[in-house]
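S.K.: Just dropping this structure here.
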Amino acid sequence: MEWSPLLALQRATHATLQVLATELVDLDLTASEINVLATLADDRPRTVSALGADVGSRPTTLTSVLDRLERRGHITRGHRPGDRRAVQIELTESGRATAAIIRTAIAALEERALGGLPPEAVAGLRAGLEALAR
């Protein structure tokens with residue numbers, strides 16, 4: 001069988017999740033929780049639907065992840081200014097600290113894995129991943 005970029009992506013995803021799970025084991029978070037906190041690390045509040053789009057998950061799927069993160073004190077859910085129907089997700093101080101640890105681990109893994117590649121190869125990888133996500 002010819003090389004499949006999708007199978008390579010799946011292998012890379014599993015390997016990445018395994019490394020992050022090992023490096024972040026003390027945080028006691030699931031891969032989905034790590035993804036949400038890493039995404040929120042930019043400290044921009046998001047609605048549930050915007051967060052779902054950013055992490056690649058349906059808002060309904062996020063509900064249990066957000067419940068767990070809220071119980072642990074990492075996020076708050078409140079109303080979006082000007083639109084009381086929209087729920088807005090924000091990091092707490094604990095969430096910011098945890099998200100910073102996650103982002104540092106991700107940056108280190110990216111450097112180990114991609115640091116030796118030329119910038120145009122990394123740009124091509126990003127373009128391919130963004131095309132797949134669409």
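The values are calculated or read from the model by the stated rules, or taken from the named source; none is laboratory data. Everything numeric in this text was worked out from a predicted model, so none of it was measured. Ideal geometry is used to build each Cβ from the backbone, glycine not excepted, and the neighbour counts take in all protein chains shown.
S.K.: Hey, among the residues in segment 30-44 that are assigned to a helix (DSSP H, G or I) and among the hydroxyl-bearing types (Ser, Thr, Tyr), which one's nearest to Asp83 (Cα to Cα)?
M.R.: Only one residue fits best here, namely Thr39.
S.K.: Only residues that are crowded, with 16+ Cβ neighbours inside 10 Å and assigned to a loop (DSSP other than H, G, I, E, B): list them for segment 10-29, please.
M.R.: Hits for segment 10-29 are Leu24, Leu29.
S.K.: If I ask for residues that are at pLDDT below 95 and at negative phi, which ones from segment 81-91 would you list?
M.R.: Our first condition is that a residue be at pLDDT below 95; within segment 81-91, this holds for 81-90.
Hits for segment 81-91 are Pro81, Asp83, Arg84, Arg85, Ala86, Val87, Gln88, Ile89, Glu90.
S.K.: Can you tell me which condition Leu66 does not meet? The list is (1) more than 17 Å from Ala31 (Cβ to Cβ); (2) free of Cβ contacts under 8 Å to residues at least 40 places away in the same chain; (3) surrounded by 12 or more Cβ atoms within 10 Å (Cβ to Cβ), and all the others hold.
M.R.: (1)
S.K.: A further question follows. For segment 79-112, give me each residue that is surrounded by 13 or more Cβ atoms within 10 Å (Cβ to Cβ) and more than 18 Å from the chain's Cα centre (by Cα).
M.R.: Within segment 79-112, Arg80, Ala86, Val87 qualify.
S.K.: If you take the residues in segment 31-45 that are touching a strand residue (DSSP E or B) at 6+ places or on another chain (Cβ under 9 Å) and under 16 Å from Arg72 (Cα atoms), which one is surrounded by the most Cβ atoms within 10 Å (Cβ to Cβ)?
M.R.: Val36
S.K.: Touching a helix residue (DSSP H, G or I) at 6+ places or on another chain (Cβ under 8 Å), small (Gly, Ala, Ser) and at pLDDT 95 or above: which single residue out of Gly128, Gly52, Gly56, Gly73 fits that description? Reasoning before the result, please.
M.R.: Values: Gly128 fails: at pLDDT 95 or above; Gly52 fails: at pLDDT 95 or above; Gly56 fails: at pLDDT 95 or above.
Only one candidate passes the filter, namely Gly73.
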